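Contents: one structure, followed by commentary.
The numbers here are math on the coordinates, done by the rules we state, and not lab data. Please read all numbers here as calculations on a predicted model, not as lab measurements. Using ideal geometry, Cβ is built from the backbone for each residue, glycine included, and neighbour counts are taken over all protein chains shown.
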Amino acid sequence: MTVDYHLHTSRCGHATGTMAEYAAAAEKQGLAEIGFADHFPLELLGFTPQHRVNMQPEELDGYVAEVKTLQSRLSFPVRLGVEVDFLPGREKETAAALARHDFDFCIGSVHFLDGWDFTHPGEAKRYAELDPDELYDRYFALVRDLARSNLFDIVGHLDVIKKFACFPRRDWSSVVDASCREIKKADLCVEVNTAGWRAPVKEAYPGVMLLAKCRELGIPLTLGSDAHSPQEVGYGLQRAVQLLAGLGFREIATFCGRRRIMRPLLPL
Ligand SMILES: [Zn+2]
Ligand SMILES: [Zn+2]
């Protein structure tokens with residue numbers, strides 16, 4: 001059972017390809033299920049980013065409608081998701097905005113630290129001025145707040161702060177432990193996001209230490225390529241399945257109507 005629960009579309013302004021092209025790529029690869037998870041309009045949450053990184057508010061209804069049209073045309077399940085930034089202090093606005101659509105799943109992601117878009121290649125030079133240990137503390141404190149917010153179903157690219165190969169200098173196992181415990185308490189799912197293999201860090205998100213902690217605590221996982229073009233659909237998923245099987249995972253989470261359904265990780 002291989003699913004791809006993290007597909008973007010040209011609506012976010014930094015991806016290419018139509019939704020039908022993403023779906024066709026998934027069908028060709030024999031994926032069992034896909035989920036579109038384009039970037040939710042930040043303006044609806046009261047935040048205007050410096051770079052164009054999300055759908056525009058007026059595009060959201062068309063996005064939802066297009067996924068629903070695809071659902072009726074394809075022979076495999078196509079889920080309606082979104083990738084939503086966790087913006088501290090904007091929890092009420094986020095809850096209200098998400099409640100307006102019948103999403104199958106919502107991925108909660110952290111892409112901003114005090115307004116700094118730290119996953120954006122154009123902003124990466126700022127890492128050189130910052131202390132990695134402090135960065136990890138700040139980033140994972142936000143992840144724990146995200147978990148406590150009760151707004152989402154899936155934690156997106158859990159350790160994306162490493163994207164440009166930034167790693168802590170000290171032992172950070174206590175950060176891993178505290179963050180995973182908060183994720184478990186919130187009954188959240190963690191995605192294994194293969195985009196990290198395409199990024200400078202050349203490691204999937206999250207890394208093995210976090211994955212092993214998820215396994216230890218019984219945190220469910222799902223899979224996503226974070227495709228920003230139809231060619232990236234399904235990227236690295238077989239490698240991810242092998243990695244997870246090696247760590248002892250036997251199931252994968254899928255979602256329908258924001259309800260989690262566990263499926264066997266490997267074909268029987
Ligand atoms: Zn993201
Ligand atoms: Zn994404």
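Structural remarks
- Computed on the stretch 185-247, with alpha-carbon pairs under 8 angstrom and 6+ residues apart, the relative contact order is 36 percent.
- For the stretch 169-268, GluC sites (Glu not before Pro) meeting the loop criterion (DSSP other than H, G, I, E, B) and having at most 12 other Cβ atoms within 10 Å: none.
- Dmax and Rg, reported as Rg then Dmax, of the chain (C-alpha, Å): 17.2, 52
- The stretch 3-264: relative contact order in percent, alpha carbon pairs under 8 Å with at least 6 residues between: 21
- Applying a length cut-off of 15 Å (Cα extent along the axis) and a mean Kyte-Doolittle floor of -0.5 to the DSSP H helices of the chain leaves 19-29, 60-73, 173-185.
- Per residue, the convex hull volume that the Cα atoms of the stretch 1-91 enclose (Å³): 99
- The count of lysine pairs in the chain that are at least 8 places apart or cross chains, and whose C-alpha atoms lie under 17 Å apart, stands at 6.
- When you filter the chymotrypsin sites (Phe, Trp or Tyr not before Pro) in the stretch 6-59 for DSSP loop state and at most 16 other Cβ atoms inside 10 Å of their Cβ, you are left with F47.
- Longest DSSP-loop-exposure-free segment, trypsin sites (Lys or Arg not before Pro), the chain, at most 13 other Cβ within 10 Å: 101-168
- Note on the stretch 205-252 and the stretch 1-42: Cα centroid distance 17 Å, given to the nearest whole angstrom.
- Sites A96 and S173 - FRET efficiency at Förster radius 25 Å, r taken between beta-carbons, to 0.05: 0.10
- Relative contact order of the stretch 16-102, defined on C-alpha pairs under 8 angstrom at six or more residues apart (%): 37
- Only helical runs count toward this figure. For the chain, summing -39,500 (n - 2.57) over DSSP H runs of n ≥ 4 and dividing by all residues gives -10000 deg cm²/dmol at 222 nm.
- Counted charge near G156, where neighbours are those whose Cβ lies closer than 9 Å (Asp, Glu -1; Lys, Arg +1): -3
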